[in-house]
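Comments concern the structure below.
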Amino acid sequence: MAQEDGELDSLVRKRIRALRVAQGWSLEDLATRARLSQSTLSRIENGQRRLALDQLVTLARALDTSLDQLVATATDDVVTNPVTDSARGLKRWSVKADPGMTVVRQRMTDPPPDTPSRMRAHPGREWLVVLSGTAVLLLGNRRFRVETDQAAEFPTMLPHAIGAEGGPCEILGIFDRDARRGHQRGEDTGEGARAAT
């Protein structure tokens, strides 16, 4: 138990320093924000001062994080395997830190629909990047070519659809909870996944 406490103590100290450096703050900057002396903060980071709960709460606020995140140790579930939907050519990964988000990899061969009635609108937000080929994103009355390594982000309340142009393309999309639900409803009603993202 003492070894685990020592490891947590060391992890928290490293995390405080890493978060401070990531913000581009000096010891003095963070000490001022946390209302601590610079020497106290330096001793906390270097392990020369005991970690007190009240100081951790103050430091977490000053670093714009929560106490839970500052002391979190769970790293068991780092790797996630996809769920494959072969019929639709999809692979899905859940995002454990935000269970409402889903990552989808899809290979498309069909062009986007040629009739606006096949475009879908639903609550949510989507982000996608084209991994290979060229995709065409129909968004409201606009048409966007999205080429390899380009990304698109849009609110899904706009009628939208996506397809391939000039051959197959592969996309990686990130859907928030509402966008994911909109797609699941579309799949349940038999709408083609290739026609609307």
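The values are calculated or read from the model by the stated rules, or taken from the named source; none is laboratory data. What you are looking at is a predicted structure, and each value in this text was computed from that prediction instead of being measured. Note that we place each Cβ from the backbone using ideal geometry, even for glycine, and neighbour counts take in every protein chain shown. Only protein heavy atoms, including side chains, enter the accessible area calculation; ligands, DNA and RNA are left aside. Shrake-Rupley method; radii C 1.70, N 1.55, O 1.52, S 1.80 Å.
Worth pointing out:
- Test: residue 154 is in contact (Cβ under 8 Å) with a residue 24 or more places away in the chain and outside any loop (DSSP other than H, G, I, E, B): yes
- One residue from 115, 109, 156, 134 being in contact with a helix residue (DSSP H, G or I) (Cβ under 8 Å, 6 or more places away or on another chain) and polar (S, T, N, Q): 156
- Scope segment 105-130; condition within 14 Å of residue 162 (Cα to Cα), part of a strand (DSSP E or B) and not polar (S, T, N, Q); matching residues: 105, 107, 108, 120, 126, 127, 128, 129, 130
- Condition broken by residue 166, with the remaining ones in (1) within 22 Å of the chain's Cα centre (by Cα); (2) not in a helix (DSSP H, G or I) satisfied: (1)
- Of all the numbered requirements in (1) surrounded by fewer than 19 Cβ atoms within 10 Å (Cβ to Cβ); (2) touching a Pro at 6+ places or on another chain (Cβ under 6 Å); (3) modelled with pLDDT under 90, residue 195 misses one, and that requirement is (1).
- Any hit, segment 86-106, residues being open to solvent by 80 Å² or more (accessible area, probe 1.4 Å) and within 30 Å of residue 41 (Cα to Cα): yes
- Across segment 1-49, the qualifying residues are those that are touching a residue at least 40 places away in the same chain (Cβ under 8 Å) and open to solvent by less than 80 Å² (accessible area, probe 1.4 Å), and the one among them that is farthest from the chain's Cα centre (by Cα) is 9.
- Subset tally (residues that are within 19 Å of residue 90 (Cα to Cα), buried (at least 17 other Cβ atoms within 10 Å of the Cβ) and in contact with a Gly (Cβ under 8 Å, 6 or more places away or on another chain)) for segment 135-164: 4
- Test for residue 115: is it free of Cβ contacts under 8 Å to residues at least 24 places away in the same chain and open to solvent by less than 70 Å² (accessible area, probe 1.4 Å): yes
- Of the criteria (1) surrounded by 14 or more Cβ atoms within 10 Å (Cβ to Cβ); (2) modelled with pLDDT under 90, which one residue 52 fails: (1)
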